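Please read the structure below before turning to the comments.
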2 protein chains.
Amino acid sequence: MDARVELDTSVGYLLKQAATALRTAMEAALRPLSLTVSQYACLEQLGARPGMSGSELARAVFVTRQSMHALLRGLEERGLLTRPASAPHGRALPTDLTGEGRAALAAASTAVAAVEQRMVAALSPAALARVRTDLSAFVAALDAPDAPTEP
Amino acid sequence: MDARVELDTSVGYLLKQAATALRTAMEAALRPLSLTVSQYACLEQLGARPGMSGSELARAVFVTRQSMHALLRGLEERGLLTRPASAPHGRALPTDLTGEGRAALAAASTAVAAVEQRMVAALSPAALARVRTDLSAFVAALDAPDAPTEP
DNA sequence: CACTGTATGTCAGACTTCTGACATGGATGC
DNA sequence: GCATCCATGTCAGAAGTCTGACATACAGTG
(Lines give C-alpha, C1' and ligand atoms only; values in the text may rest on other atoms or scores of the structure.)
Protein backbone atom coordinates (compact mmCIF):
# COMPACT_ATOMS: atom_id res chain seq x y z
CA MET A 1 0.00 0.00 0.00
CA ASP A 2 1.00 3.58 -0.61
CA ALA A 3 3.37 2.38 -3.30
CA ARG A 4 4.86 4.87 -5.75
CA VAL A 5 5.68 4.49 -9.41
CA GLU A 6 9.32 3.65 -10.10
CA LEU A 7 10.10 4.79 -13.62
CA ASP A 8 13.11 2.51 -13.97
CA THR A 9 11.03 -0.62 -13.48
CA SER A 10 7.58 0.54 -14.57
CA VAL A 11 5.96 -1.84 -17.02
CA GLY A 12 3.45 0.91 -17.84
CA TYR A 13 6.18 3.24 -19.00
CA LEU A 14 7.74 0.53 -21.14
CA LEU A 15 4.33 -0.25 -22.58
CA LYS A 16 3.82 3.36 -23.61
CA GLN A 17 7.33 3.55 -25.01
CA ALA A 18 6.85 0.41 -27.10
CA ALA A 19 3.44 1.52 -28.35
CA THR A 20 4.83 4.93 -29.31
CA ALA A 21 7.80 3.40 -31.14
CA LEU A 22 5.47 1.05 -33.01
CA ARG A 23 3.12 3.84 -33.99
CA THR A 24 6.00 6.02 -35.22
CA ALA A 25 7.42 3.16 -37.29
CA MET A 26 3.98 2.42 -38.74
CA GLU A 27 3.45 6.07 -39.65
CA ALA A 28 6.74 6.06 -41.53
CA ALA A 29 5.84 2.84 -43.35
CA LEU A 30 2.34 4.05 -44.29
CA ARG A 31 3.26 7.61 -45.33
CA PRO A 32 4.25 6.55 -48.90
CA LEU A 33 0.76 5.05 -49.24
CA SER A 34 -0.93 8.25 -47.99
CA LEU A 35 -2.54 6.38 -45.12
CA THR A 36 -2.57 7.22 -41.43
CA VAL A 37 -2.35 4.52 -38.80
CA SER A 38 -6.03 4.94 -37.94
CA GLN A 39 -7.03 4.66 -41.58
CA TYR A 40 -4.93 1.53 -42.02
CA ALA A 41 -6.40 0.00 -38.88
CA CYS A 42 -9.87 0.66 -40.24
CA LEU A 43 -9.07 -1.02 -43.58
CA GLU A 44 -7.46 -4.00 -41.83
CA GLN A 45 -10.56 -4.57 -39.71
CA LEU A 46 -12.82 -4.35 -42.75
CA GLY A 47 -10.61 -6.80 -44.59
CA ALA A 48 -10.96 -9.31 -41.79
CA ARG A 49 -14.66 -8.76 -41.16
CA PRO A 50 -16.48 -7.18 -44.11
CA GLY A 51 -19.76 -5.42 -43.39
CA MET A 52 -18.82 -3.98 -40.00
CA SER A 53 -20.73 -0.92 -38.83
CA GLY A 54 -19.04 2.34 -37.91
CA SER A 55 -19.54 1.78 -34.21
CA GLU A 56 -18.08 -1.70 -34.38
CA LEU A 57 -15.10 -0.35 -36.28
CA ALA A 58 -14.63 2.41 -33.72
CA ARG A 59 -14.43 -0.09 -30.88
CA ALA A 60 -12.03 -2.31 -32.81
CA VAL A 61 -9.72 0.61 -33.65
CA PHE A 62 -9.93 2.20 -30.18
CA VAL A 63 -11.43 5.55 -31.19
CA THR A 64 -14.86 7.07 -30.60
CA ARG A 65 -17.58 6.48 -33.16
CA GLN A 66 -17.53 10.22 -33.88
CA SER A 67 -13.89 10.02 -34.90
CA MET A 68 -14.61 6.92 -36.94
CA HIS A 69 -17.40 8.80 -38.70
CA ALA A 70 -14.97 11.44 -40.01
CA LEU A 71 -12.43 8.75 -40.85
CA LEU A 72 -14.96 6.76 -42.88
CA ARG A 73 -16.09 9.82 -44.82
CA GLY A 74 -12.50 10.45 -45.90
CA LEU A 75 -11.93 6.86 -46.99
CA GLU A 76 -15.26 6.79 -48.81
CA GLU A 77 -14.42 9.97 -50.72
CA ARG A 78 -11.16 8.36 -51.77
CA GLY A 79 -13.10 5.41 -53.12
CA LEU A 80 -11.58 2.84 -50.76
CA LEU A 81 -14.88 1.75 -49.23
CA THR A 82 -18.62 1.98 -49.71
CA ARG A 83 -21.56 2.44 -47.38
CA PRO A 84 -25.26 2.08 -48.27
CA ALA A 85 -27.41 5.20 -48.17
CA SER A 86 -29.86 3.57 -45.75
CA ALA A 87 -29.52 0.83 -43.19
CA PRO A 88 -30.87 -2.62 -44.11
CA HIS A 89 -31.61 -3.32 -40.45
CA GLY A 90 -31.55 -1.00 -37.46
CA ARG A 91 -29.33 2.03 -37.89
CA ALA A 92 -26.04 0.28 -38.55
CA LEU A 93 -24.57 0.92 -42.01
CA PRO A 94 -22.54 -2.10 -43.17
CA THR A 95 -19.24 -0.96 -44.66
CA ASP A 96 -17.28 -2.82 -47.31
CA LEU A 97 -13.99 -2.35 -49.12
CA THR A 98 -13.95 -1.54 -52.83
CA GLY A 99 -11.49 -3.18 -55.17
CA GLU A 100 -9.27 -0.16 -54.78
CA GLY A 101 -9.67 -0.43 -51.02
CA ARG A 102 -8.57 -4.05 -51.06
CA ALA A 103 -5.53 -3.11 -53.15
CA ALA A 104 -4.60 -0.34 -50.73
CA LEU A 105 -5.06 -2.69 -47.80
CA ALA A 106 -2.83 -5.31 -49.39
CA ALA A 107 0.00 -2.82 -49.84
CA ALA A 108 -0.46 -1.35 -46.38
CA SER A 109 -0.74 -4.71 -44.67
CA THR A 110 2.49 -5.86 -46.28
CA ALA A 111 4.28 -2.69 -45.15
CA VAL A 112 2.96 -2.96 -41.60
CA ALA A 113 3.77 -6.68 -41.42
CA ALA A 114 7.38 -5.82 -42.23
CA VAL A 115 7.44 -3.33 -39.35
CA GLU A 116 5.93 -5.83 -36.94
CA GLN A 117 8.33 -8.51 -38.14
CA ARG A 118 11.23 -6.16 -37.46
CA MET A 119 9.87 -5.52 -33.98
CA VAL A 120 9.57 -9.17 -32.98
CA ALA A 121 12.47 -10.61 -34.97
CA ALA A 122 14.66 -11.04 -31.91
CA LEU A 123 12.12 -13.16 -30.03
CA SER A 124 11.59 -16.89 -30.37
CA PRO A 125 8.09 -18.12 -31.28
CA ALA A 126 7.69 -19.40 -27.74
CA ALA A 127 8.72 -16.06 -26.23
CA LEU A 128 6.33 -14.30 -28.60
CA ALA A 129 3.48 -16.52 -27.50
CA ARG A 130 4.29 -15.68 -23.88
CA VAL A 131 4.23 -11.95 -24.64
CA ARG A 132 0.84 -12.28 -26.29
CA THR A 133 -0.52 -14.17 -23.30
CA ASP A 134 0.86 -11.61 -20.85
CA LEU A 135 -0.44 -8.60 -22.79
CA SER A 136 -3.87 -10.23 -22.94
CA ALA A 137 -3.71 -10.69 -19.19
CA PHE A 138 -2.95 -6.98 -18.79
CA VAL A 139 -5.99 -6.05 -20.84
CA ALA A 140 -8.24 -8.44 -18.95
CA ALA A 141 -7.04 -7.16 -15.58
CA LEU A 142 -7.50 -3.49 -16.55
CA ASP A 143 -10.92 -4.01 -18.11
CA ALA A 144 -12.22 -5.62 -14.93
CA PRO A 145 -14.28 -2.85 -13.34
CA ASP A 146 -13.52 -3.62 -9.70
CA ALA A 147 -9.99 -2.95 -8.55
CA PRO A 148 -9.09 -5.48 -5.86
CA THR A 149 -5.48 -4.39 -5.37
CA GLU A 150 -5.38 -6.42 -2.16
CA PRO A 151 -8.30 -8.86 -1.78
CA MET B 1 8.12 -11.91 -47.85
CA ASP B 2 4.82 -10.40 -48.86
CA ALA B 3 3.42 -11.31 -45.47
CA ARG B 4 0.13 -9.81 -44.32
CA VAL B 5 -0.99 -8.76 -40.87
CA GLU B 6 -3.11 -11.36 -39.06
CA LEU B 7 -5.21 -9.53 -36.50
CA ASP B 8 -5.81 -12.62 -34.40
CA THR B 9 -2.12 -13.11 -33.72
CA SER B 10 -0.75 -9.58 -34.15
CA VAL B 11 1.44 -8.49 -31.27
CA GLY B 12 1.14 -4.91 -32.50
CA TYR B 13 -2.63 -4.97 -32.10
CA LEU B 14 -2.32 -6.41 -28.60
CA LEU B 15 0.26 -3.78 -27.76
CA LYS B 16 -2.09 -1.00 -28.80
CA GLN B 17 -4.97 -2.61 -26.94
CA ALA B 18 -2.94 -2.89 -23.74
CA ALA B 19 -1.61 0.66 -24.02
CA THR B 20 -5.14 2.00 -24.59
CA ALA B 21 -6.54 0.07 -21.65
CA LEU B 22 -3.75 1.35 -19.42
CA ARG B 23 -4.25 4.93 -20.52
CA THR B 24 -8.00 4.71 -19.92
CA ALA B 25 -7.49 3.26 -16.45
CA MET B 26 -4.93 5.95 -15.64
CA GLU B 27 -7.28 8.70 -16.81
CA ALA B 28 -9.96 7.36 -14.49
CA ALA B 29 -7.53 7.19 -11.58
CA LEU B 30 -6.17 10.71 -12.18
CA ARG B 31 -9.47 12.47 -12.85
CA PRO B 32 -10.24 13.01 -9.14
CA LEU B 33 -6.87 14.79 -8.88
CA SER B 34 -7.61 17.02 -11.88
CA LEU B 35 -4.57 15.72 -13.72
CA THR B 36 -4.31 14.33 -17.25
CA VAL B 37 -2.02 11.44 -18.07
CA SER B 38 0.43 13.77 -19.81
CA GLN B 39 0.50 16.12 -16.85
CA TYR B 40 1.08 13.24 -14.47
CA ALA B 41 3.88 11.86 -16.65
CA CYS B 42 5.51 15.27 -16.61
CA LEU B 43 5.38 15.50 -12.81
CA GLU B 44 6.68 11.95 -12.43
CA GLN B 45 9.70 12.72 -14.60
CA LEU B 46 10.43 15.91 -12.68
CA GLY B 47 10.17 14.01 -9.42
CA ALA B 48 12.77 11.52 -10.58
CA ARG B 49 15.09 14.05 -12.23
CA PRO B 50 14.61 17.62 -10.96
CA GLY B 51 15.83 20.41 -13.17
CA MET B 52 14.96 18.85 -16.52
CA SER B 53 14.45 21.20 -19.46
CA GLY B 54 11.25 21.31 -21.47
CA SER B 55 12.80 19.51 -24.40
CA GLU B 56 14.15 16.75 -22.19
CA LEU B 57 10.73 16.36 -20.60
CA ALA B 58 9.09 16.21 -24.01
CA ARG B 59 11.31 13.34 -25.09
CA ALA B 60 10.73 11.49 -21.82
CA VAL B 61 6.95 11.85 -22.06
CA PHE B 62 6.77 11.10 -25.81
CA VAL B 63 5.28 14.40 -26.95
CA THR B 64 6.73 17.26 -28.98
CA ARG B 65 8.45 20.11 -27.18
CA GLN B 66 5.69 22.42 -28.43
CA SER B 67 3.09 20.32 -26.64
CA MET B 68 5.25 20.20 -23.54
CA HIS B 69 5.49 23.98 -23.65
CA ALA B 70 1.74 24.38 -23.32
CA LEU B 71 1.62 21.63 -20.72
CA LEU B 72 4.28 23.32 -18.58
CA ARG B 73 2.53 26.68 -18.75
CA GLY B 74 -0.61 25.10 -17.35
CA LEU B 75 1.18 23.34 -14.52
CA GLU B 76 3.13 26.51 -13.70
CA GLU B 77 -0.07 28.55 -13.51
CA ARG B 78 -1.45 25.98 -11.08
CA GLY B 79 1.63 26.43 -8.93
CA LEU B 80 2.85 22.85 -9.26
CA LEU B 81 6.23 23.76 -10.74
CA THR B 82 8.55 26.73 -11.29
CA ARG B 83 10.79 27.81 -14.14
CA PRO B 84 13.38 30.60 -14.05
CA ALA B 85 12.73 33.69 -16.16
CA SER B 86 16.07 33.32 -17.93
CA ALA B 87 18.32 30.36 -18.63
CA PRO B 88 21.40 29.93 -16.43
CA HIS B 89 23.22 28.26 -19.35
CA GLY B 90 22.26 27.97 -22.97
CA ARG B 91 18.54 28.24 -23.64
CA ALA B 92 17.34 25.36 -21.48
CA LEU B 93 15.11 26.41 -18.57
CA PRO B 94 15.52 24.00 -15.65
CA THR B 95 12.12 23.07 -14.21
CA ASP B 96 11.46 22.06 -10.62
CA LEU B 97 8.44 20.95 -8.60
CA THR B 98 7.04 23.18 -5.89
CA GLY B 99 5.93 21.78 -2.55
CA GLU B 100 2.41 21.68 -3.90
CA GLY B 101 3.71 19.94 -6.99
CA ARG B 102 5.43 17.28 -4.90
CA ALA B 103 2.21 16.74 -2.96
CA ALA B 104 0.20 16.36 -6.17
CA LEU B 105 2.80 13.97 -7.54
CA ALA B 106 2.70 11.84 -4.39
CA ALA B 107 -1.08 11.44 -4.63
CA ALA B 108 -0.99 10.81 -8.37
CA SER B 109 1.89 8.36 -8.18
CA THR B 110 0.08 6.34 -5.54
CA ALA B 111 -3.07 6.23 -7.67
CA VAL B 112 -1.18 5.22 -10.79
CA ALA B 113 0.86 2.61 -8.90
CA ALA B 114 -2.41 0.99 -7.87
CA VAL B 115 -3.52 0.82 -11.49
CA GLU B 116 -0.23 -0.67 -12.60
CA GLN B 117 -0.33 -3.13 -9.73
CA ARG B 118 -3.80 -4.22 -10.80
CA MET B 119 -2.52 -4.68 -14.35
CA VAL B 120 0.42 -6.91 -13.44
CA ALA B 121 -1.08 -8.66 -10.42
CA ALA B 122 -1.62 -11.92 -12.29
CA LEU B 123 2.00 -12.26 -13.39
CA SER B 124 4.85 -13.72 -11.36
CA PRO B 125 7.91 -11.54 -10.76
CA ALA B 126 9.86 -13.70 -13.19
CA ALA B 127 7.20 -13.36 -15.88
CA LEU B 128 7.13 -9.61 -15.28
CA ALA B 129 10.87 -9.39 -15.74
CA ARG B 130 10.53 -11.29 -19.02
CA VAL B 131 7.87 -8.88 -20.25
CA ARG B 132 10.07 -5.92 -19.44
CA THR B 133 12.97 -7.48 -21.32
CA ASP B 134 10.82 -8.27 -24.33
CA LEU B 135 9.24 -4.82 -24.49
CA SER B 136 12.69 -3.27 -24.31
CA ALA B 137 13.74 -5.48 -27.20
CA PHE B 138 10.75 -4.23 -29.22
CA VAL B 139 11.77 -0.63 -28.64
CA ALA B 140 15.39 -1.29 -29.54
CA ALA B 141 14.43 -3.13 -32.74
CA LEU B 142 12.03 -0.39 -33.85
CA ASP B 143 14.40 2.47 -33.06
CA ALA B 144 17.12 0.91 -35.23
CA PRO B 145 16.97 3.01 -38.41
CA ASP B 146 17.77 0.24 -40.90
CA ALA B 147 15.12 -2.41 -41.38
CA PRO B 148 16.80 -5.71 -42.18
CA THR B 149 13.69 -7.85 -42.34
CA GLU B 150 15.75 -10.65 -43.89
CA PRO B 151 19.52 -10.20 -43.66
C1' DC C 1 -50.04 -1.08 -27.49
C1' DA C 2 -47.00 2.37 -25.03
C1' DC C 3 -42.76 2.91 -22.44
C1' DT C 4 -38.13 2.24 -21.41
C1' DG C 5 -33.51 1.03 -22.55
C1' DT C 6 -29.85 0.28 -25.69
C1' DA C 7 -27.33 1.00 -29.98
C1' DT C 8 -26.25 3.62 -33.97
C1' DG C 9 -25.44 7.68 -36.99
C1' DT C 10 -24.63 12.43 -37.20
C1' DC C 11 -23.71 17.40 -36.09
C1' DA C 12 -21.29 21.05 -33.48
C1' DG C 13 -17.87 22.82 -30.44
C1' DA C 14 -13.73 22.47 -27.51
C1' DC C 15 -9.42 20.53 -26.52
C1' DT C 16 -5.01 18.36 -27.37
C1' DT C 17 -1.36 17.50 -30.16
C1' DC C 18 1.27 18.07 -34.22
C1' DT C 19 3.72 20.55 -38.18
C1' DG C 20 6.00 24.62 -39.65
C1' DA C 21 8.57 28.58 -38.62
C1' DC C 22 11.60 31.88 -36.30
C1' DA C 23 14.93 33.63 -32.83
C1' DT C 24 18.50 32.78 -29.42
C1' DG C 25 22.51 30.60 -27.10
C1' DG C 26 26.36 27.53 -27.36
C1' DA C 27 29.67 24.39 -29.48
C1' DT C 28 32.57 23.17 -33.36
C1' DG C 29 34.93 23.92 -37.58
C1' DC C 30 38.23 26.62 -40.29
C1' DG D 1 37.49 35.73 -34.94
C1' DC D 2 33.87 34.10 -37.86
C1' DA D 3 30.81 30.76 -40.06
C1' DT D 4 28.23 26.81 -39.50
C1' DC D 5 25.58 23.57 -37.08
C1' DC D 6 22.77 21.92 -33.28
C1' DA D 7 19.64 22.35 -29.29
C1' DT D 8 16.19 24.96 -27.03
C1' DG D 9 12.18 28.06 -26.35
C1' DT D 10 8.35 30.14 -28.37
C1' DC D 11 4.56 31.58 -31.56
C1' DA D 12 0.97 30.59 -35.06
C1' DG D 13 -1.89 27.64 -37.74
C1' DA D 14 -3.64 22.99 -39.05
C1' DA D 15 -5.18 18.40 -38.13
C1' DG D 16 -7.04 14.84 -35.35
C1' DT D 17 -9.66 13.30 -31.50
C1' DC D 18 -12.90 13.81 -27.79
C1' DT D 19 -17.17 15.39 -25.19
C1' DG D 20 -21.87 16.70 -25.51
C1' DA D 21 -26.08 16.54 -27.78
C1' DC D 22 -29.92 15.01 -30.68
C1' DA D 23 -32.63 11.94 -33.72
C1' DT D 24 -33.64 7.34 -35.17
C1' DA D 25 -34.31 2.19 -35.02
C1' DC D 26 -34.90 -2.01 -32.66
C1' DA D 27 -35.71 -5.16 -28.39
C1' DG D 28 -37.82 -6.03 -24.15
C1' DT D 29 -41.51 -5.25 -20.64
C1' DG D 30 -45.66 -3.81 -18.48
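Descriptive notes on the structure:
- Helix A:65-77 axis, angle to chain A major axis (alpha carbon atoms, nearest 10°): 40 degrees
- Cα shape, segment B:82-151, gyration tensor, a/c 1.5 rule: oblate
- With a Förster radius of 45 Å applied to the C-beta separation of B:Ala87 and B:Leu128, the computed FRET efficiency comes to 0.65.
- Model label zone, B:Arg49; criterion: amide N under 14 Å from point 7 Å along Cα-to-beta-carbon; scope segment A:5-24: A:7-9
- Ordering of A:132-138, B:108-114, B:86-92 by burial proxy (mean other Cβ atoms within 10 Å per residue, highest first): B:108-114, A:132-138, B:86-92
- Springs between Cα atoms under 10 Å define the GNM used for chain A, and in it the highest mean-square fluctuation of A:Arg118, A:Arg130, A:Arg65 occurs at A:Arg130.
- Over the protein assembly as shown, DSSP H runs of length four or greater, each weighted -39,500 (n - 2.57), average out per residue to a 222 nm ellipticity of -20500 deg cm²/dmol.
- Hydrodynamic radius of segment A:28-151 per Kirkwood, over alpha carbon pairs, in Å: 16.6 Å
- In this simple spin-label model, placing a label point 7 Å from the Cα along the Cα-to-Cβ direction at both A:Glu77 and B:Glu77 gives a separation of 3.3 nm.
- With all protein chains in place and a 1.4 Å probe, the accessible surface of chain A carries 54 percent carbon and sulfur.
- FRET efficiency, 1/(1 + (r/R0)^6) with R0 35 Å, evaluated for B:Ala107 and A:Ser34 via beta carbons: 0.20
- Shielding score for B:103-113, defined as the mean number of other chain Cβ atoms within 10 Å: 3
- Of all chain A C-beta atoms, the nearest to the rotation axis linking A with B is recorded, alongside its rounded Å distance, as A:Ala19, 2.
- FRET efficiency, 1/(1 + (r/R0)^6) with R0 30 Å, evaluated for A:Arg59 and B:Gln117 via beta carbons: 0.65
- The other copies place their B:Arg83 label points at 4.1 nm from this one, listed shortest first, where each point is 7 Å from Cα along Cα→Cβ.
- Å² per residue, accessible surface of chain A at 1.4 Å: 52 Å²
- Annotation for the B:A interface, with buried accessible surface near 5600 Å², both sides summed [1.4 Å probe; non-protein components not counted].
- Against the main long axis of the alpha-carbon atoms of chain B, helix B:125-143 sits at an angle near 90°.
- For the residues of B:21-27, the average number of beta carbons from a partner chain within 10 Å of their own beta carbon is 5.
- Cα-only Debye scattering, the protein assembly as shown: base-10 log of I(q)/I(0) at q = 0.06 Å⁻¹: -0.24
The values are calculated or read from the model by the stated rules, or taken from the named source; none is laboratory data. All figures in this text were calculated on a predicted structure; none of them were measured in a lab. Every residue, glycine as well, gets a Cβ built from its backbone with ideal geometry; the counts of neighbours run over all protein chains shown. Side chains are part of the model used for accessible areas, which takes the heavy atoms of the whole protein and leaves out ligands, DNA and RNA. Shrake-Rupley method; radii C 1.70, N 1.55, O 1.52, S 1.80 Å.
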